[in-house]
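The values are calculated or read from the model by the stated rules, or taken from the named source; none is laboratory data. All of these numbers come straight from a predicted model, not from anything done at the bench. In this analysis, Cβ positions are derived from the backbone assuming ideal geometry, glycine residues included, and neighbour counts consider all displayed protein chains. SASA here: full protein model, heavy atoms, side chains in, ligands and nucleic acids out. Shrake-Rupley method; radii C 1.70, N 1.55, O 1.52, S 1.80 Å.
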Amino acid sequence: MFDDGLLDDTDALRLAEPDLRHLAEAGARVRREAVSAAEPLLSAVSRLADTPPRAVVAAGPDSRLLRAVLEPTCPVPFVAWPGAGLPGWAGALDLVVVLAPDGTDPGTAAGVAEAVRRGCQLVVATPEDSLVGRHVPGRYSTLLPTVTGDQLATATVMLDLLDRIHLGPDTDPEVVAKALDDVAVACGPHRDLATNPAKILASGIAETSPVIWGGTVLAARAGRRVAESIRRATGRAALAADAEHLLPVLGAAAPVDVFADPFADEVADLRPSLVVLDDGSEDPMVTETRDRLRAQADANGVRIERVTTEADGEVARYASLLATGTFAARYLELGLSGP
């Protein structure tokens, strides 16, 4: 059983302090990466700004976040290539960008070496002395040195570069960092359950099997990451998917038994709860789909939790939703850790 009293218990919170502190320092990590990469980023901007590439290739396993941000807005063809190597057509007319926060993946290093060999315009965000970093030097290459190992912070620096050369949406690392700082204050351990969005979310989904939906591409990605955090923290099922996959789950939920005694009755399968990650999109399709999900949840007595953000900009809103959900996963683990 979930004990929400542990979420405001000083001794319990002390045990969770290392994890909570790491989450709270997310904004600081974004600032550290921005400072570390400042000079080479300006050099890359001056090299790349005048001639738009034929296409942008985001290479390596960490390319999916760039795809979620860039696919809807990039003015030239964009390809995410999470596997080894590069597309066969990639060459000197194309820009290859690589995120490698820890720089240890041999496949990513091989892809970087291949981009250098083909004469691609290349920008790699990775530790300077890492396996990947050692393959970056080349005539048309720029290394953005990273220091935190944080994927979001690393991606923010790369997106700042792409914004400055007019290939991506507005991305200001300071705005992203502030959004993360705001979440750290709102969801911190010393803010009690009554006013803490992450604790409220954890308490709301504690006795359920959450299904998570985000209407935009980035909100949907945040949902998948939050579901991963919940599964990792609790060992319970948590599903993030498109509406057409979630509607049958909500529709199959058994009616609520108001007379059930969770202590005396045999434990049944957990009922679903619907978690809506709302990044403020006013797109009519997003609004219509959200209304359909809410109507189906209401019809079956499924609890609905909503996570919102007032951050400025797509990347900052993504960071805010992801951080709130990750805090909630840690509080969920804490509440389930009691005797």
Inter-label distance, nm, simple model (7 Å from Cα along the C-beta direction), GLU228/VAL35: 2.8 nm
Kirkwood Rh over alpha-carbon pairs of the chain plugged into Stokes-Einstein at 4 °C, 1.567 mPa s gives a D in µm²/s of 61 µm²/s
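In percent, what relative contact order does the chain have, based on Cα pairs under 8 Å that are 6 or more apart in sequence?
For the chain, the relative contact order is 20 percent.
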What nm value, rounded to one decimal, do you get for the distance between ALA92 and ASP3 when each label is placed 7 Å out toward the C-beta? 6.8 nm
Over the chain, average the accessible area per residue using a 1.4 Å probe and give it in Å², no decimals. 47 Å²
Of every hundred units of 1.4 Å-probe accessible area on the chain, the number belonging to carbon and sulfur atoms, as a percent, is 53 percent
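State the extension gain, in nm to one decimal, for the chain segment bounded by VAL76 and VAL185, taking 0.36 nm per residue of separation less the distance between their alpha-carbons.
Numbers: separation 109, 0.36 × 109 = 39.24 nm, distance 3.88 nm.
Taking 0.36 nm per residue and subtracting the Cα distance, the gain is 35.4 nm.
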Note down the Stokes-Einstein diffusion coefficient of segment 92-200 in µm²/s, whole number, using a Kirkwood radius over alpha carbon pairs, 25 °C, and 0.890 mPa s. 158 µm²/s
In nm, to one decimal, how far is the modelled label at LEU270 from the one at GLU174, with both set 7 Å along Cα→Cβ? 4.2 nm
In terms of the Cα gyration tensor, with a ≥ b ≥ c the square roots of its eigenvalues, is segment 1-154 rounded because a/c is under 1.5, prolate because a/b exceeds b/c, or oblate? prolate
Trypsin sites (Lys or Arg not before Pro), restricted to segment 129-171: which are DSSP loop and have at most 15 other Cβ atoms within 10 Å? ARG139
Please give the contour-minus-distance gain from ALA299 to GLU207: 0.36 nm per residue of separation, less the Cα-Cα distance, rounded to one decimal in nm. 31.2 nm
Assuming a ≥ b ≥ c are the square roots of the Cα gyration tensor eigenvalues, decide whether segment 167-266 counts as rounded (a/c under 1.5), prolate (otherwise, with a/b larger than b/c) or oblate. oblate
Cβ-Cβ FRET estimate between ALA254 and THR195, R0 fixed at 30 Å, reported to 0.05: 0.35
Quick check: residue separation of VAL147 and ALA241 times 0.36 nm, minus the Cα distance between them. What number comes out in nm? 30.5 nm
I'd like the distance separating the alpha-carbon centroids of segment 139-203 and segment 88-106, in whole Å. 22 Å
At a Förster radius of 56 Å, what calculated FRET efficiency corresponds to the Cβ-Cβ distance of ARG117 and THR308, to the nearest 0.05? 0.75
Between ALA28 and ARG64, what's the calculated FRET efficiency when r is the beta-carbon distance and R0 is 41 Å? Round to 0.05. 0.95
Give me the net charge of LEU41's neighbourhood, meaning all other residues with Cβ under 15 Å from the Cβ of LEU41; Lys, Arg count +1, Asp, Glu -1. -3
